[in-house]
Each structure stands twice: as C-alpha cells, then as structure tokens.
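Structure first, commentary second.
The values are calculated or read from the model by the stated rules, or taken from the named source; none is laboratory data. Since we're looking at a predicted model, the values are computed, not measured. In this analysis, Cβ positions are derived from the backbone assuming ideal geometry, glycine residues included, and neighbour counts consider all displayed protein chains. Areas reflect the complete protein model, heavy atoms only, side chains present, ligands, DNA and RNA absent. Shrake-Rupley method; radii C 1.70, N 1.55, O 1.52, S 1.80 Å.
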Amino acid sequence: MNKNLRIANNKFIDQTTRISFKFDGKTLYGFKGDTLASALLANNIHLVGRSFKYHRPRGIMGCGSEEPNAIVQVGNDASMTEPNSRATEIELYEGLEVSSQNCWPSVNFDVGAVNNFFSPLIPAAFYYKTFMWPTNFWKLYEFFIRKSAGLGKSPTEPDKDIYDHRYLHCEVLVVGGGISGIMAAKTAAKNSLNTVLIDDKNILGGTTLFQENECFKINNSYSNDWLKKEIESLKSLKNLTIKKRTSLAAYHSYNYLLARENLTDHLDLNEKKDKIRQRLWKIRAKKVIIATGAMERPLIFNNNDRPGIILSYSVKKYIDYYGVKCGQKVSLFTNNDTAYETAISLSNSGVSVNSVVDIRDKTNSLIVKQAEKLGIKIHWKSSVVNTNGYKKINSIEIMKLSDDGTAVVEKKIKEKCDCLGISGGWTPRVHLFTQSGGKLKFRDEGNVFLPDKTELDQISIGSCNGDFELDEVIKNSINLTNKFLKVSNNDYENLEIVSSKEIDKKNIWLLPSDKPFGKTKAFLDFQNDSTANDIKLALREGFKSIEHVKRYTTTGMATDQGKLSNMHALGIIAETTGVKIGKLGTTTFRPPYTPLTFGTIVGRNVGEFFDVIRKTPMHDWHIENKAEFENVGQWKRAWYYPINNENMHEAVQRESKAARDSAGILDASTLGKIDIQGSDSSEFLNRVYTNAWSKLDIGKCRYGLMLNEDGMVYDDGVTTRLSENHYLMTTTTGGAANVLSKLEDYLQTEWPELDVYLTSVTDHYGTVSICGPNSKKILSKVIPNLDLSNKEFPHMSFKNALIDNIRCRVMRISFTGEHSYEINIQSSFAKSVWEKCFEAGKEFNITPYGTETMHLLRAEKGFIIAGQDTDGTMTPVDLQMDWIISKKKYDFIGKRSLYRSDTIREDRKQLVGLLTEDPKEILEEGAQIVAEPNKQPIEMLGHVTSSYFSPNLNKSIAIAVVKNGKKLKGQKMFVPMRNKTINVTITDTVFLDKENKRLNA
Amino acid sequence: MFLINCPYCGERDQSEFTAGGEAHIVRPKQPTELSDNQWAEFLFMRKNIKGVQFERWNHTHGCRKWFNMVRDTSNDKIYAVYKMGEKPPIK
C-alpha cells in the first residue's frame, strides 16, 4: 500500500484491519471496508483492464454499479471463477484473487493493443461490413471472431456455491437507501406500514453520507451528520426491515420485483464455505417507492478514456469515504457545480488541486465561491481538448471555448496532473421505473429523462425524480411520500436547510477539439469502445432510430447496458440530426439492472431438483435387476434388462422372444389412469371417444380413441366399466395430464350439465402386466380362487380379486397381442405383487421386459403408439381405423372435422406396414419413403414411424405413413439412405397373428 | 407476473394459472349441420387483440377451475374475473 495515497483519519474504513488480496498474481493490501477499486487506487494501480475493441488501457472510472471499465475476473477455480465483476462493487476480503480481462499476455503489455493503431480501419460495424464476402469464407472468419469476442472467461465446471430463492410480501418497498429513501422508509414504518428498505451497498446513506460540506446543512448540522442520526433512528422501528447488499434486479407489472441479496461475497474465503452465496428475493409489494438516485455523467472529449480519468464525485467518494487519494495532483473538468464539492474535499484533505476547468462562462453559487476562497484556480468557459499519458494520464490540454461552444480558441495551456475528475451532470436512474412499464418525459433543464406516467402503485422520489439540490430532494421527497402513503411524519416538519444552489447550467454533448473531428477519439461507451465518431458514421450511413444506431455501433450494449453512455449518444444524435432528444426517445432498459449470476436465477432448482422425477412403486426392483432406464415425460421407465453384457438389441430380442414363447412381465404403472364417476359417465365417454360406450357391459373393457376437435388423433387407451356409473380410463404415459385437463375443460365449459367427476389416480395404483402363453397359469398361482376360463374371464373384461386379502382389479387386456393380464393394486402393495408374480412365473422362465420390447411386441401386432405413429396430423381414417368411428353417434369431439374437405381427401398420408426386401435390413425411424428414387426433385411420399427386427417373425418390420398408402398395398417403394437405397414393399400393418388366436387362447 | 383474483380461491400469483385463449366461443350444438366454413370459423379463428380481450383462464395449480377474465393485453390490467357461464360484467 502506498502510504502517501491514504489519509489517516477516516470514518468509514477500519485502518487497523489489513486485508491481503491478489491482483494479476501480485499480493497487495487494503483495509476492511475497502472495495477492490479503492484498494487498487490506494496501491496506485489505475490500469485494470483493456478495452474491448482497441485494447486501450483502461482504469477505474466510477465507484458503483455503473462502472464500465474496471471489470475483472474473480477467482481462478474452474467452478467458481466469475467474469465481468465490477471492481467498484467487490468488497475486499481475505483471499480475494482477481485478474484483468481482455488482455494478453498481461494488462501492462497487451498484444491486442495493436488494434489501437489500426483503429481508423476498424470503424463501427467493421465486422458486419468486412466478413460478408466471399460467403463461403465465413467458416474461416468465425473461428477468429469467436476467439476475440467476449470479455472474461466462463467457468468450465458446475458452480459449487449454494443459491436460494425466497418470497417477500410488504406494504411498502423502498428501493435505495440514500437520503430520500431513508426518509420515505422511516415515514412509512412510523405509520405502521410493513416496510422493506433495500440498498445495494453495505451501508445506508448514499452520496449524502460523505457530503460533509458547509454549503449543505440541515438543522445546523452537516447534511451527513444529520443523515447519520436518521439512519441510527431507523433501528428502533419495528415495522422496518432493512436489506443491505441487496440489488434490485427487475421490476415487473403488479409490483412484482426481483432483488438479489449478496450473503457471502464479502466474507473471507474461509468463512464462505457451506453458506448460501446469493439469494433471489421475489417481492410482492403493495406500494413501491423508488429512490435510486442519479449517476454522474462523463464528458465527451478527445482521449477521455485514459486511466486516471475518473468521474468527479467518485474521486470525492474515494477521498471522503475510503480515504484514498486518486492522485497527488488532480485536475477537474466540469459543466456543473458538483465538481466543486470534490475540489473542496481534495483541498481539505491536502491533495493539490491544479484547477477546475468549467465550460460555463462564470457562476457565483455558494459552493463555487467557497472553492475560490480556498484558492482553487478555475478556467472558465474552457474545455479539455486532449489528454496525454498512455497507461496513466500525465497531463491535460486546455483551451477557451468559442461563444457558441462549437470550437476552441486562443492559446493552448498544458497542465500536468495524475488524475482528472470529470463531471457532465447527473442522469436520474429511471431504469426500474421504465422496467415496470412507466413512460418517461424529457426535461430540458439538466437534460434528463424523468418518470412520467405509470399504471402501478409507485412513486419515484429524490434525484431519480430529477431533484438534484439538497433542499429540493428533502422537501419534495417528504411531500411526495406523505401524499403517496396518505400519512405524515412530524420529524420532518420545519427542517432548516442550507443548500448551495446551482445557478448557471450549460451542456455540450460533444466537446470541441483543436484537432479535426475525424482524428479525435472521444469515447461514449467505454466498455464496447464506441466513439462519437462511430455515432456520426452511423448517422451518415442512414441510421436514424436510436435503436438502430445502438445496434449498429453497439453503444450501450455492453455488460453495463450503457448506464454512462446512453444520454450522450442521444445528445449527439439529437445535435447532428436536429431532432429534439424528447422526440428521439430512449432505448429500452431491460432487466436485470446489474448482471445476475445464473446461480441466483436458478436457485435450488439444480441437479435432481431441476425437474420432478417420477418413479413407479417397483422402481427399486428394476434397479436391483440391472434395468436400463428411459425417460418418458417425468417418469423413469425400465427400458430393457440386459444380462451378462448384452447390448440393447440383444436384450430386446431375448425379452421379446420370451414374452411370446412363455411369459413376460412389464411394469405398466406409468400409464395415465383417470377415475370417472357420476350418472352421466357413459354419455361423457360417448362424447369424448370416437366409438360408442352406452352399451358397454359392467365388467367389460373397451379400447377408445380420442380426437382433438380438429379430427386428429390425440390419445388412446382402454377404459373399463367398473360399475353402472363408474369407469377407469387409461391414457398414454405422456398424455395423462393433458388428457385430464382437456376432459375437465369440456366438462366445466361446454357440458356443465353432465354429472361427471374426474380424478387422476395414476399414482394411486401400480400396474403389473403379465403376458404370454403361460400368463394364465402364473395368474392362477397368484390368485388361485379366480376363475380364469375364457367363458368366465374373456379377453377385454375385468374382475375384482384379492391378493393376500388386498383388493385389486385384474383386467384381461393386451398391448402385445398375447394372452395377457394387468393387475392394478394400491401403489404401496404393487412391488410385493410384482415380486409374487415373478416368483410364481419362475418355473415358466418369466422374463421382465422394458418399454423397448413392449414397443417391438405391439409393432408386430400393428398396434399404434399415439405420439410415435401419429403426430397430430393423422385422423382415425388415416390410421385405417375406420372401424372405431361410430356412425350412429350424433356428435363426439372431432367428429365434424372428419369430413372437412381436407380430411376426406383419399390421398392423405396413411398408416401402412413396410417389409424390407432383405429381411435383415432394419429401417431407420424417420427415414423418407419415395417411389422414384432417381427423379429430381425427389418426391417424399412419407416416412417410417416405427421399425424393429422381429425375433418372432425372424425379419425386419416397420410401420410408416405413406401418401395414398391404403391403395398401395403390395407396391414396391424405396427408402434412400446416405450410402444406399433400401427396397421395401408396402403391406398390412398387422404382421403377426392376424386372427387374434393368441389373444383369445 | 400479475396477480389474478380466482373467483373460487381469491388472489393468487400468475404462475398458478394457465391461459386458455379467447373466451365466449361456444362449441356448436349441432356441428353436423354446419358448412365447412362455419365449422372452420369455430375451430380456428381466434382474436389476438392488443387491448382489452376476453379470455379463458384455468387455475391449474389451485382449484383447477376454468373461469373468464377481461384483460388489457397491452398492460396486463385485469378489469374483471367471472365464473364460466356468467355474463361478462363489462362490455
């Protein structure tokens, strides 16, 4: 630490606690309470990064969230490193390690800096213009552009930190803990309103906290001393919650706001472990008071970006708050009064102030007089026309301004300095107001956009509402708050306020230079390296809208979202085009206000909490038996059960053969199950399925097809009539939730007269499906007293039964084409019933099979899977399932659509079977089907929807949709693949047991 | 993220609800008697207004009831919420 750069007595920094940190590998020291920026400045380090495009040396420019230059990479751990952190917001902690960004090999010697010399060749939109041609060169360009794009490095491993989300409800939310926010929060809380005050810093008070100047007094105390007592008084308020280190990220409609609280970022490295790092607060506030203050503007002049050029009020904060001198010989350059506060602070702290360069003709406000009394030299009606010093400013060049301010005149004065404080006035932070949908108005005085109309219950107070003088800030904040909350607070009646008033105002958006404009470099957007020249170039090239100019020049598009640059860009466009700023409007301020970590956004929803995982009651059995799993929606379904290093194909062939030859067992618990009750249940089913349901006997099952109102197949499944007014519907696994929603929708909105009640029972029952020629023998062992004869218990019927005295429902239904039973039993007993069936089936080599074998078996039988063989464009007629459409029913969902001009076309794509000429050749699902493979352009007639090698038929089989397929049976077709064309024949969709002998065996 | 006053449960966060498109489109009682054009009008044609729109909403993660809502789509201001089958309280 450079002793000469710290002043000894300082109220805010604990100079007894030294903290070590690393910057670019070098160990440095700061004090408790420092930010990284203040600690670097105390070590006389200004150069912290290189600019994005020209790689110009850049230093610390501000002291808060608007910092454009001093952005660094924190940490070097592959999982915890974080790019683009603002040095001005990083609180110093023991163990902090940071490095500069966008420079190689080092910030002091950066190879990319050669771009600076080529800068005349890299104007705005250089990339758009240059890499357009020849078009096929893009692949080559892309490699280099990607390499040079972006700032900082992303972590390469998952984030180890813990993040959190919480809800917060309050009557009044005050955003910003400056003087107006504090008064508003106190007023609200004192009036028994449940109030929350948030501020992004670790201490309340805003800029008034270190104002300490006799030109600003409240009730005979310095403004800062008065404010400190106010802050102290907040502690006793019961209704007030104060959240520090909490930055408001987004303000949405209905007063829904998101704020990020930093919980451990400021802690020493060894204290951070196992604690929540950041928390996202989801706030719902009845009323919102925005008191976010204002940001100081830079001035736009030639070479205004050198390290050592710092916003004037930041220079003041570094000296008055952190006790750090930004330089030993400081010059100031301003268009307003606030720079004089800085000059006085510096002077009082023993820093020599060379001069204040003021573009105004002359002004006599209280504060200026005070500066003059201290002997501070002022260059009136002057401008800085150039600065010198490559890695750190060493001198400035000053000239007189012409009367109209468009040129500089007279002799150039050179002034040596090691720091230049600049102030171009103040920009109210209206970001949150506009995020919430509020409309802005432009005020010529001070050239500011201010909150105007809003739909929400909110107000803006203080300098974010355009009040910059202390007395106005106080009086207007009190009045607005009282009116807004319909309350009063006698603490603030009859305050005696002394406040220096700014009398003269003058603004020049782009300051003139003695050099030709084309040869100057006056930066607007420091992070994205766009200059006043770039803006003017864009205007010359015909871009007029601020939104277009912004994108063409990238002004305001860096990680700081142009907090410092937007106003000047508007000003220069307005001046050049002659359109008033108010007419130009602003670009949109989008959330987040400052960048959020992805960790904060996702909170706890990582890893296994990212999405719900649904497991069947038999899940553990599948794991014990080495099943591979498949995700079906949120479900984990057993896919296949490999034995001894079998691959999927081998396992599926074995399982499929076993199921047809003897017995197979499948976990069918994931199928959607809807319990339907009520006196109109039959009528309801009539309306939602295409086939007729009124005559289904109790104890019988029926397959149903459900359409959308547009006539396209939506879902299918078997529904069982349990009793007169009680049905159990099954749906596809993936469609369960949607089917229930759709049915509820019709019941509630179209047919409220029906007496029907729907309940999802998917999770309530586990389903064990056993199939194969020996399934009957196995079931008779499990439920000995159940008559399984075909007469008593035929295909498509159901029985109530008891297994170990537990009630269950047994359906004789089949998705495989085999003689098969499904046992539905309360979930908690499903695993034991599964094990019982497995045990009983051992003598028949019962084989567990997964979803893949299930798909193969049903394809052999030509059964469709809604969602695989259908895609929302298939009608039942297209599926050759005309038989399932009731001719007698007057109406059902989708009926009318089945004879629209398009759905009655005979040459629609229709479901067919496909057999390959070579029975060993397995088609790829999704492969295209053509009739004339050599014709150009080739006509696609359809595609393969399901394809397998059938071990039971010993040949490859496939299901496909083909244009006019119904009439093409027996026709040869072709499936062109990358390196061959496969010959196929169109067939019937049923490949096995057309007579249903196995089903009824 | 707006607040919706469910007619059955009261005020709840928007994340509990699902939007269901334009309201007051009644499914024809006798679809078979409609021409292709008339049926298509019911099936496909929906308004998407910037401004005040009558919409169907479902309290998906609550009571699962459908209801109607009058909302200004440009600023999410909700003018009325009413049960299915009820007449809109405003025009």
The stretch A:885-920 - residue that is touching a Leu at 6+ places or on another chain (Cβ under 8 Å) and over 18 Å from A:Met712 (Cα atoms) and, of those, surrounded by the most Cβ atoms within 10 Å (Cβ to Cβ): A:Leu914
Within the stretch A:616-649, take every residue that is touching a helix residue (DSSP H, G or I) at 6+ places or on another chain (Cβ under 9 Å) and without any contact (Cβ under 8 Å) to a residue 60 or more places away in the chain and give me the one that is surrounded by the most Cβ atoms within 10 Å (Cβ to Cβ). A:His619
Which of the residues spanning the stretch A:560-594 are more than 18 Å from A:Gly437 (Cα to Cα), assigned to a helix (DSSP H, G or I) and either touching a strand residue (DSSP E or B) at 6+ places or on another chain (Cβ under 6 Å) or open to solvent by 40 Å² or more (accessible area, probe 1.4 Å) (or both)? A:Met567, A:His568, A:Ala569, A:Ile572, A:Glu575, A:Thr576, A:Thr577, A:Ile581, A:Lys583
Is there a residue in the stretch B:25-46 that is more than 8 Å from every other protein chain (Cβ to nearest Cβ), in a strand (DSSP E or B) and either open to solvent by less than 50 Å² (accessible area, probe 1.4 Å) or not hydroxyl-bearing (Ser, Thr, Tyr) (or both)? no
I'm trying to understand the selection: among the residues of the stretch B:53-75, which are over 21 Å from B:Tyr8 (Cα atoms) and surrounded by 16 or more Cβ atoms within 10 Å (Cβ to Cβ)? B:Gln53
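Going by the structure shown, is B:Ile90 of a type in the set (Val, Ile, Thr), more than 11 Å from every other protein chain (Cβ to nearest Cβ) and farther than 26 Å from A:Ser760 by Cβ?
yes
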Are there any pairs, at least 6 apart or on different chains, whose C-beta atoms fall under 9 Å, with the first in the stretch A:431-449 and farther than 24 Å from A:Thr594 by Cβ and the second among the aliphatic types (A, V, I, L, M) and in a strand (DSSP E or B), and if so, which? A:Lys441/A:Leu450; A:Phe442/A:Val448; A:Phe442/A:Leu450; A:Arg443/A:Leu450
Can you find a residue in the stretch B:76-83 that is at the interface with chain A (Cβ under 9 Å from one of its Cβ atoms), over 11 Å from the mean Cα position of the chain (by Cα), open to solvent by 80 Å² or more (accessible area, probe 1.4 Å) and more than 24 Å from A:Arg687 (Cα to Cα)? yes
Which condition number in (1) open to solvent by 50 Å² or more (accessible area, probe 1.4 Å); (2) over 26 Å from A:Pro428 (Cβ atoms); (3) modelled with pLDDT of 95 or more is the one that A:Gln278 fails? (1)
Identify all residues within the stretch A:780-801 that are over 15 Å from A:Gly699 (Cα atoms) and in contact with a helix residue (DSSP H, G or I) (Cβ under 8 Å, 6 or more places away or on another chain); write none if there are none. A:Lys781, A:Val782
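A quick yes/no check of all residues on (1) assigned by TED's automatic domain parsing to the domain that holds A:Glu469; (2) in contact with a Phe, Trp or Tyr (Cβ under 8 Å, 6 or more places away or on another chain); (3) touching a residue at least 24 places away in the same chain (Cβ under 8 Å):
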| site | (1), (2), (3) |
| --- | --- |
| A:Asp403 | no, no, no |
| A:Lys411 | no, no, no |
| A:Cys417 | no, no, yes |
| A:Ile422 | no, yes, yes |
Would the stretch A:980-996 turn up any residue that is closer than 30 Å to A:Asn790 by Cβ and surrounded by 21 or more Cβ atoms within 10 Å (Cβ to Cβ)? yes
Mind telling me which of the residues A:Ser423, A:Ser402, A:Ser395 ends up being within 25 Å of A:Ser314 (Cβ to Cβ), among the small types (Gly, Ala, Ser) and surrounded by fewer than 21 Cβ atoms within 10 Å (Cβ to Cβ)? A:Ser395
Return yes or no: is A:Ile846 modelled with pLDDT of 95 or more, under 45 Å from the mean Cα position of the chain (by Cα) and hydrophobic (A, V, I, L, M, F, W, C)? no
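Please work out if A:Asp529 is of a type in the set (D, E, K, R) and crowded, with 18+ Cβ neighbours inside 10 Å. Before you say what the answer is, go through the steps one by one.
Values: of a type in the set (D, E, K, R): yes; crowded, with 18+ Cβ neighbours inside 10 Å: yes.
Judged against the criteria, A:Asp529 is a match.
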Restricting to the stretch A:878-900, give me the number of residues that are more than 18 Å from A:Val688 (Cβ to Cβ), assigned to a helix (DSSP H, G or I) and either touching a residue at least 24 places away in the same chain (Cβ under 8 Å) or within 14 Å of another protein chain (Cβ to nearest Cβ) (or both). 1
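Before we move on, is A:Asp902 under 18 Å from B:Asp36 (Cα atoms) and among the charged types (D, E, K, R)?
Working: under 18 Å from B:Asp36 (Cα atoms): yes; among the charged types (D, E, K, R): yes.
Against the criterion (under 18 Å from B:Asp36 (Cα atoms) and among the charged types (D, E, K, R)), A:Asp902 qualifies.
Given the criteria in a loop (DSSP other than H, G, I, E, B) and over 46 Å from the mean Cα position of the chain (by Cα), does A:Gly817 qualify?
Taking the combined requirement at face value, the residue satisfies it.
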Can you tell me which condition A:Lys453 does not meet? The list is (1) within 14 Å of chain B (Cβ to nearest Cβ); (2) crowded, with 17+ Cβ neighbours inside 10 Å, and all the others hold. (2)
What are the residues in the stretch B:4-18 that are surrounded by fewer than 13 Cβ atoms within 10 Å (Cβ to Cβ) and either at the interface with another protein chain (Cβ under 9 Å from one of its Cβ atoms) or at negative phi (or both), if any? B:Tyr8, B:Glu11, B:Ser15
Please go through the stretch A:252-267 and give me each residue that is facing chain B (nearest Cβ under 9 Å) and farther than 16 Å from A:Val172 by Cβ, ordered by number. A:His252, A:Ser253
Is it the case, given these coordinates, that A:Ile310 is aliphatic (A, V, I, L, M), over 32 Å from the mean Cα position of the chain (by Cα) and away from every other protein chain (no Cβ under 14 Å)? yes
Identify, by number, the condition in (1) closer than 30 Å to A:Thr338 by Cα; (2) without any contact (Cβ under 8 Å) to a residue 12 or more places away in the chain that A:Lys273 doesn't meet. (1)
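Looking only at the stretch A:162-188, filter to residues that are open to solvent by 40 Å² or more (accessible area, probe 1.4 Å) and out of contact with any Ser or Thr (no Cβ under 8 Å at 6 or more places or on another chain); which one of those is nearest to A:Val72 (Cα to Cα)?
Just the residues of the stretch A:162-188 that are open to solvent by 40 Å² or more (accessible area, probe 1.4 Å), to begin with: A:162, A:165-167, A:169, A:171.
From what is left, the residues that are out of contact with any Ser or Thr (no Cβ under 8 Å at 6 or more places or on another chain) are A:162, A:165-167, A:169.
Working: A:Ile162: 22, A:His165: 27, A:Arg166: 29, A:Tyr167: 32, A:His169: 35 Å.
The selected residue is A:Ile162.
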Name every residue in the stretch A:346-365 that is crowded, with 22+ Cβ neighbours inside 10 Å and outside any strand (DSSP E or B), in order of residue number. A:Leu346, A:Ile359
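Hey, which of the strands (runs of 3 or more DSSP E) in the stretch A:1-96, taking only ones fully inside, have at least 1 residues that are in contact with a helix residue (DSSP H, G or I) (Cβ under 6 Å, 6 or more places away or on another chain)? Give the derivation first.
Values: elements: A:14-23, A:26-32, A:47-50, A:57-59, A:71-74, A:82-86.
Filter on the stretch A:1-96 gives A:26-32.
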Condition first: in contact with a Cys (Cβ under 9 Å, 6 or more places away or on another chain), aromatic (Phe, Trp, Tyr) and over 23 Å from A:Asn394 (Cα atoms). Can you find one or more residues in the stretch A:420-428 that meet it? no
